[in-house]
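Asks: One structure, as structure tokens, below. Some questions next.
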Amino acid sequence: MSAAVASSPESASPALAAAELVPLPLDKRMTIDDVVSELSSGMTLGIGGWGSRRKPLALVDAIAASDLTDLTIVSYGGADVGKLCAAGKVKKLVFGFVSLDSIPLEPNFRKARQQGAIDVLELDEGMLWLGLQAAAWRIPFLPTRAGMASGVTDNAPELRTVKSPYDDGEELLAMPALPLDAAIVHVNDADQAGNCAILGPDPFFDDLFCMAAKRAYATAERIVATEDLGAVTLPRLMVSGVVEAPGGAGFTSCPPDYERDEDAQRAYVKQVKASKQHVI
Amino acid sequence: MENNPESTAPAVQPSRADFCTIACARMFARDGEVLISPMAAIPRLAARVAKACMQPSLVLSEEASLPYRRVFDVVWMGRRHVMMGASQVDRFGNQNISCIGPHGQPKVQLLGVRGAPGNTINHATSYWVPRHSSRVFVPAVSMVSGIGTDRAATLGKSGRFVDLRGVVSNLGAFDFAGEGGVMRAVSLHPGVTAEEVRDNTGFDVEIAADVPTTEPPTDLQLTWIAHFDAAGSRYTQVPG
């Protein structure tokens, strides 16, 4: 990836020279294989989307097929978590749920849990996004009531509380930052500089996944010229690489480009249930 | 349009599903300008009926169109009433939708805690159980996703927003106002006996000797039920 500089040796006035000498931002276009090659075993990887909506399944499939191991996955999970569990890539999962939405229970994830194959940190959904937000803001925790006195704290003794320093003195849960080594998201449009536009009704927490990560990669239905991009949801300063990957959400929904392919999702579930293989 | 929902008795005998729907609607009708978040077919129908003829101030998701970021704002503001399902519930209203068996290696993995911990500690929460059984109503849940009255009591000040409204099942309507915050029958649907409830509940549930029968929906309410559920999807949850 390199910066391209436009210049004209004939330009005379300083104003014109400045306009012609403005360097273009970096070209962050990559392939799926490029992205996978930048990931390492043992990494903490965040995956955007939510359940069976706008999941970067093309990238997930490539990770599942790679020789990466011992990943800690942070996700509002769906088939992304299921496929990675089935491929034996998951050492630990940080989650609030794993669901295929129109099919409530994800079969590969169920198998992995019921076989005791993965460690987990199970959080209230709101706690998870606060952890990403704290990481993005480079602060150690964010206070919340969510999760207190529940099975979350029963099963995660590492979570601590904090007392308000002000007169109220209220005790709250200190949701620790969830920093990520890498994040992957799927968007509708991106430009080559890494600006991304999510055109559907809900960006979920993709921005937080990107901001909490050292490196963030977006697959996009289309890579377009900057002037054609429309409202930017993920500014390029939070995106390390973009991949043109039409259909990159697999059978999950990616509105307005496509809705969930319910037939394909049912086929995935059927195939998992028919398989007698244990999770690796 | 008639605005007093309790003023007429129904001409047609309502179904059990109709009783369940109206019991859920009555849960919502107590609210004001809050987001109603029903999580299953009968609660969704109930929310629409409640808004149509019982409490027009209710905010339903089709009006609000909130991205999830905004939903959490509303949750933490407390202006919401969620009606969740439950794989397990105990006598204090501790709910489990996460997993059954030891957390490290569950016998049955379900969804995960989802937003239940944050919901129950922040705003009004009730539960809808379409098939009341002792597999659901258990002495102790494997994993607490929604916190109950006992756990809320340990929190002191931090528990001040817990507002467990109760449970509606295919057998009746219940609250958690029994002695010590335990589940108590508010009404039993027509044809349901106290014995049937006890036989299908895995803990002692308080049922007063003179427990009322669930009030039937009015003609107006039945009209709205039929309007919003012409296809009869409520019968897939509660047959007959």
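Asks: Taking B:GLU196 as meeting all but one of (1) touching a residue at least 40 places away in the same chain (Cβ under 8 Å); (2) of a type in the set (D, E, K, R); (3) in a helix (DSSP H, G or I), write down the number of the exception.
Replies: (1)
Asks: Within the range A:124-141, restricting attention to residues that are away from chain B (no Cβ under 14 Å) and assigned to a loop (DSSP other than H, G, I, E, B), which residue is nearest to A:PHE205 (Cα to Cα)?
Replies: Ranking the qualifying residues of the range A:124-141, first place goes to A:TRP137.
To keep it simple, each residue is scored yes or no on (1) touching a Gly at 6+ places or on another chain (Cβ under 6 Å); (2) assigned to a loop (DSSP other than H, G, I, E, B); (3) of a type in the set (A, V, I, L, M, F, W, C).
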| residue | (1), (2), (3) |
| --- | --- |
| B:ARG151 | no, no, no |
| B:VAL168 | no, no, yes |
| B:PHE174 | yes, no, yes |
| B:ASP210 | no, yes, no |
| B:PRO216 | no, yes, no |
| B:ILE225 | no, no, yes |
| B:ALA231 | no, yes, yes |
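Asks: Among (1) touching a residue at least 40 places away in the same chain (Cβ under 8 Å); (2) in contact with a strand residue (DSSP E or B) (Cβ under 9 Å, 6 or more places away or on another chain); (3) within 12 Å of chain A (Cβ to nearest Cβ), where does B:ARG114 come up short?
Replies: (1)
Asks: Could you check, for the range A:215-224, whether at least one of its residues is within 22 Å of the chain's Cα centre (by Cα), among the aromatic types (Phe, Trp, Tyr) and surrounded by fewer than 23 Cβ atoms within 10 Å (Cβ to Cβ)?
Replies: no
Asks: For the structure I just gave you, tell me whether A:VAL243 is buried (at least 19 other Cβ atoms within 10 Å of the Cβ), under 13 Å from the mean Cα position of the chain (by Cα) and away from every other protein chain (no Cβ under 12 Å).
Replies: Against the criterion (buried (at least 19 other Cβ atoms within 10 Å of the Cβ), under 13 Å from the mean Cα position of the chain (by Cα) and away from every other protein chain (no Cβ under 12 Å)), A:VAL243 does not qualify.
Asks: Run B:HIS81 past the list (1) within 14 Å of the chain's Cα centre (by Cα); (2) in a helix (DSSP H, G or I) and report the number of the one that doesn't hold.
Replies: That leaves (2) as the condition not met.
Asks: Output the residue which, of all residues in the range B:26-46 that are in a helix (DSSP H, G or I) and either more than 19 Å from the chain's Cα centre (by Cα) or among the charged types (D, E, K, R) (or both), is farthest from the other protein chains (Cβ to nearest Cβ).
Replies: B:ARG26
Asks: Which one is surrounded by the fewest Cβ atoms within 10 Å (Cβ to Cβ) among residues in the range A:121-155 that are over 17 Å from B:GLN95 (Cβ atoms) and of a type in the set (Gly, Ala, Ser)?
Replies: A:ALA136
Asks: Evaluate the range B:35-46: report whether one residue or more is surrounded by 24 or more Cβ atoms within 10 Å (Cβ to Cβ) and touching a Gly at 6+ places or on another chain (Cβ under 8 Å).
Replies: For the range B:35-46, residues surrounded by 24 or more Cβ atoms within 10 Å (Cβ to Cβ) and touching a Gly at 6+ places or on another chain (Cβ under 8 Å): absent.
Asks: Failed condition for B:VAL182, given (1) touching a strand residue (DSSP E or B) at 6+ places or on another chain (Cβ under 6 Å); (2) in a loop (DSSP other than H, G, I, E, B), with all others met?
Replies: (1)
Asks: A:LEU105: in a loop (DSSP other than H, G, I, E, B), at pLDDT 95 or above and within 13 Å of chain B (Cβ to nearest Cβ), yes or no?
Replies: Yes.
Asks: Further question: Taking the condition within 14 Å of another protein chain (Cβ to nearest Cβ) and either of a type in the set (S, T, N, Q) or under 24 Å from the mean Cα position of the chain (by Cα) (or both), does A:ASN188 pass?
Replies: No, not satisfied.
Asks: Among the candidates B:PRO106, B:PRO130, B:PRO102, which residue alone is within 7 Å of chain A (Cβ to nearest Cβ) and of a type outside the set (Phe, Trp, Tyr)?
Replies: B:PRO106
Asks: Step by step: first the residues of the range A:157-169, then only those that are surrounded by fewer than 17 Cβ atoms within 10 Å (Cβ to Cβ), assigned to a loop (DSSP other than H, G, I, E, B) and on the phi < 0 side of the Ramachandran plot, then the one that is nearest to the other protein chains (Cβ to nearest Cβ). Which residue is that?
Replies: Selected residue: A:ASP168.
Asks: Something else: Identify, from the list B:VAL49, B:VAL75, the residue that is out of contact with any Lys or Arg (no Cβ under 7 Å at 6 or more places or on another chain), within 11 Å of chain A (Cβ to nearest Cβ), assigned to a helix (DSSP H, G or I) and among the aliphatic types (A, V, I, L, M).
Replies: Sole residue among the options that is out of contact with any Lys or Arg (no Cβ under 7 Å at 6 or more places or on another chain), within 11 Å of chain A (Cβ to nearest Cβ), assigned to a helix (DSSP H, G or I) and among the aliphatic types (A, V, I, L, M): B:VAL75.
Asks: For the range B:152-181, which residues satisfy the criterion of being touching a residue at least 40 places away in the same chain (Cβ under 8 Å), within 12 Å of another protein chain (Cβ to nearest Cβ) and surrounded by 23 or more Cβ atoms within 10 Å (Cβ to Cβ)?
Replies: Within the range B:152-181, just B:VAL162 meets the criteria.
Asks: Between residues in the range B:88-107 that are crowded, with 24+ Cβ neighbours inside 10 Å and residues that are hydrophobic (A, V, I, L, M, F, W, C) and in a strand (DSSP E or B), which pairs lie under 6 Å by C-beta distance while being six or more apart or on different chains?
Replies: B:VAL89/B:PHE137; B:GLY93/B:LEU164; B:GLN95/B:VAL89
Asks: Please specify each residue of the range A:142-156 satisfying the condition of being more than 7 Å from chain B (Cβ to nearest Cβ), touching a residue at least 24 places away in the same chain (Cβ under 8 Å) and either assigned to a loop (DSSP other than H, G, I, E, B) or under 28 Å from B:SER142 (Cβ atoms) (or both).
Replies: A:THR144, A:ALA156
The values are calculated or read from the model by the stated rules, or taken from the named source; none is laboratory data. What you are looking at is a predicted structure, and each value in this text was computed from that prediction instead of being measured. Every residue, glycine among them, receives a Cβ derived from its backbone with ideal geometry; neighbour counts consider all protein chains shown.
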